[in-house]
Amino acid sequence: DVVDVNGLIINEVLSSNNGIVADEKGNLYDYVELYNGSEKDISLKNYGLSDEGEGVKWTFPDVTIKSKGYVVVKLNGEKDGGMNANFKLKSSGGEVVALFKPNGKVVDAIETVSVESNNVMGRNADGEWVVYSKATPGYPNTNEGHDEFLKSLVSNEKSSIVINEVLPNNKGNFKNSNGDYSGYIEIKNIGDESVDLKNYSLSNSEAVSFKWQFPSIKLSKGEVVIVYTSGISSIDGTLSTSFKLKGKNGVAVLTNNVGKVIDKVKYENLANGVAYIKQNDLFLESSSISPGYDNTVDGISSFQKKYMKTNDGLIINEVMNNNYSYLPQNGGKFYDYIELYNNSDDTIKLKEYCLTTNT
């Protein structure tokens, strides 16, 4: 429906939140956003909301919506007061969200539709309902409003919990404790006190910052914890996100348990097996990784002893697959090569082996 955008209207609805926003307890919630397009502030005290279209289900506390301003109501289904409505929405749609005046008259209403995860229903500048891929709770339904919303999520306080190392691509580098090749995000406590990571979150998207939440884990001073980005939820005590890091170009996002972004690492053109490793306050590219260990020579050595032990016997030790300048042979020609190494105490007859590019 089209309404007068110069009045009080329902302006945006999120019914399938899988990481866009989190409350002060770190919990995800859907929401309904109101917009006051009039020239006057409006007291919402005793106005009501419902998800059935008939009768008030939740009543506003003593709150005022400013002229040209927004109010966001969290739909978390809890009865804990404040701007937390006691009902939730179905992601499948088919419900009528209605806004009532204190006298019971309907101010505005919208029937929800099924939308993809993290998409929202919102009104455009003409008051028409459309589906947006970018949520803007508390801000205009525009790209600029989306940018302002993302800025509002960034914490202004220095955090003791930080991203310490990121590996997006692991196509043969090492197998994690589940026996899989996967990337990872390493978190470190640089503060003086232990921190419970419950409801802290990780993501591979700035627009959806709260994709995967930590369980209750105490991280002591100077301690690190590794979370594999395998795309498979954590099993058997191993921390693993439900998402994978994007390839060469992407971002790793860390949020705290009160719904704020506390650290973010962007990476560009990272080759397979190359990580962003934090040294002091800088991130450096390195193929010498140390997930779960300190970013030091000793930490790298400890990691390699556990996860990258060389097999005994005959191994492929070095490969050149694009040679234009190294080791000229046969009149200055350049060749690719494969180097073999006997990592055993016995002599090996190569006649019994073969090489191939097909597995």
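Just a few scattered comments:
The rows are residues; the columns are (1) more than 12 Å from the chain's Cα centre (by Cα); (2) open to solvent by 50 Å² or more (accessible area, probe 1.4 Å).
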{"residue": "Leu197", "(1), (2)": "yes, no"}
{"residue": "Val208", "(1), (2)": "no, no"}
{"residue": "Trp212", "(1), (2)": "no, no"}
{"residue": "Thr229", "(1), (2)": "no, no"}
{"residue": "Gly237", "(1), (2)": "yes, yes"}
{"residue": "Val253", "(1), (2)": "no, no"}
{"residue": "Ser290", "(1), (2)": "yes, no"}
{"residue": "Asp294", "(1), (2)": "yes, yes"}
{"residue": "Val297", "(1), (2)": "yes, yes"}
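- Residue in region 257-288 that is surrounded by the most Cβ atoms within 10 Å (Cβ to Cβ), counting only those that are farther than 18 Å from Val227 by Cα and among the aliphatic types (A, V, I, L, M): Leu270
- Number of the exception - Glu95 against (1) surrounded by 18 or more Cβ atoms within 10 Å (Cβ to Cβ); (2) within 20 Å of Val261 (Cα to Cα); (3) among the charged types (D, E, K, R): (2)
- Check on Tyr337, touching a residue at least 40 places away in the same chain (Cβ under 8 Å) and open to solvent by less than 100 Å² (accessible area, probe 1.4 Å): no
- For Gly331: the one exception among (1) assigned to a loop (DSSP other than H, G, I, E, B); (2) at pLDDT 85 or above; (3) surrounded by fewer than 10 Cβ atoms within 10 Å (Cβ to Cβ): (2)
- Scanning region 140-177 for residues that are more than 20 Å from Ser194 (Cα to Cα), assigned to a loop (DSSP other than H, G, I, E, B) and either touching a Gly at 6+ places or on another chain (Cβ under 8 Å) or among the aliphatic types (A, V, I, L, M) (or both) yields a total of 8.
- Scanning region 56-76 for residues that are within 13 Å of Leu99 (Cβ to Cβ) and free of Cβ contacts under 8 Å to residues at least 24 places away in the same chain returns Thr59, Phe60.
- Residues in region 306-328 that are free of Cβ contacts under 8 Å to residues at least 24 places away in the same chain and outside any loop (DSSP other than H, G, I, E, B): Lys306, Glu318, Val319, Met320.
- Matching residues in region 60-105 - criterion: being part of a loop (DSSP other than H, G, I, E, B) and touching a Pro at 6+ places or on another chain (Cβ under 8 Å): Gly81, Gly82, Met83
- Hits in region 10-51 - residues which are among the acidic types (Asp, Glu) and open to solvent by less than 40 Å² (accessible area, probe 1.4 Å): Glu12, Asp23, Asp30, Glu33, Asp51
The values are calculated or read from the model by the stated rules, or taken from the named source; none is laboratory data. In this text, all values refer to a predicted model and were calculated from it rather than measured experimentally. Note that we place each Cβ from the backbone using ideal geometry, even for glycine, and neighbour counts take in every protein chain shown. Just the protein is used for accessible areas: all its heavy atoms, side chains included, with ligands, DNA and RNA removed. Shrake-Rupley method; radii C 1.70, N 1.55, O 1.52, S 1.80 Å.
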